[in-house]
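Just so it is clear, none of the values below were taken in a lab; they were calculated from the coordinates. From a predicted model like this one, the values you see are computed outputs, not experimental measurements. When we count neighbours, we look across all protein chains shown, and the Cβ atoms used for this are built from the backbone with ideal geometry, even at glycine.
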Amino acid sequence: MNHSVTHTARLLVAGLRALLMLTLVTGVLYPLVVTGVAQGLFPGRANGSEVTADGEVVGSSVIGQSYGLPPKQGRKTPAADPRWFQGRPANGLGVNNVNTRYHLLLSGATNLAADSGELVQRIEDAKAAVVRDNSVPGYTVRPSDVPADAVTSSGSGLDPDISPAYARLQTHRVAARNGLPLARVEKLVADHTEGRTLGFLGEPRVNVLALNIALKDLAAKR
């Protein structure tokens, strides 16, 4: 009987020691090492890839954001502000409806099949809106001019980039709404167009947040 109790006590002490050791290694030392390496080598990425303008954090370079007008009464979503370049649609975004204590934004895709009637109609409506919103006196957008990323959301719904084609399509509207020469706005897009990563990965892209910050600076100098 005493031998059994002693053996059990030894197992409990050994288990407790293992628990404390693993807690120290995996719960304290490992996170400290990873955090230290990340802060030392990649501080910008480790802290959320924050973007600052005029001394304030205005967003993240890896998370898309909306540029809308103040929401009108009775409208679920605010209309896009025509002064700014717009990013991709965010149809997959939702709001947490389980934990109602906090207003949490959930990212994701629409999960609609390619032959979904709802998805087809959504794309047709988005294309019509792009044509309507970006057509200005002297420049009319044709439906065939609208690139795919202007009417479809990304897998996360938070893509921070748009294609150079979609950025160029918006230049006439942005120039007209801000009273800027079209050539200056087109050059702004060209200057903020990034090539493929390592020359062959992905597609050329334009970061909408960086572009709009530069647009704000350009408009201020008008």
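Values as computed for the structure displayed
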| quantity | calculated |
| --- | --- |
| Angle in degrees between helix 164-178 and the longest Cα principal axis of the chain, rounded to the nearest 10 | 60 |
| Amide hydrogen neighbours beyond the local backbone of H192, cut-off 5 Å, H modeled | none |
| Long-range amide H partners of R83 with built H, under 5 Å | none |
| Dipole axis of the stretch 49-220 (+1 Lys, Arg; -1 Asp, Glu on Cβ), positive-most option in L93, H172, A114 | H172 |
| For the stretch 1-47, projected area of the alpha-carbon convex hull averaged over all directions, nm² | 3.2 |
| Of G64, G15, G40, the one that fluctuates the most in a GNM where the chain has Cα springs shorter than 10 Å | G15 |
| Among S116, S49, S107: highest mean-square fluctuation, GNM of the chain, C-alpha pairs under 10 Å | S116 |
| Computed over the chain: relative contact order in percent, which uses C-alpha pairs under 8 Å that are six or more apart | 18 |
| Residue-averaged 222 nm ellipticity for the chain, from DSSP H runs of 4+ at -39500 (n - 2.57), nearest 500 | -13500 deg cm²/dmol |
| Karplus-derived HN-Hα couplings along the stretch 44-50 (A = 6.51, B = -1.76, C = 1.60, θ = phi - 60°), whole Hz, x at Gly and Pro | x, 5, 5, 9, x, 6, 5 |
| In degrees, nearest ten, helix 182-191 long axis to first principal axis of the chain (Cα) | 30 |
| V13-L69 pseudo-label distance in nm [points 7 Å out on the Cα-to-Cβ vector] | 7.6 |
| Selected from L22, L69, L32 as most flexible by GNM, with the chain as the system and alpha-carbon contacts under 10 Å | L22 |
| Cα centre as origin, Lys/Arg/Asp/Glu Cβ charges: the stretch 49-220 dipole, Debye | 480 |
| Amide H within-cut-off set for V141, under 5 Å, with H built and near neighbours excluded | S135, V136 |
| Exposure proxy order (Cβ contacts within 10 Å, fewest to most) of K127, K221 | K221, K127 |
| Using alpha-carbon coordinates, inclination of helix 117-134 to the longest axis of the chain, degrees | 50 |
| Footprinting exposure proxy for I162, I63 (fewest neighbouring C-beta atoms within 10 Å first) | I63, I162 |
| Added length on full extension, which subtracts the Cα-Cα distance from 0.36 nm per residue, L105 to F200 | 30.9 nm |
| Cα gyration tensor shape for the stretch 106-222, rounded if a/c is under 1.5, else prolate or oblate | oblate |
| Point-to-point label distance, V28-S61, nm (Cα→Cβ direction, 7 Å offset) | 3.6 |
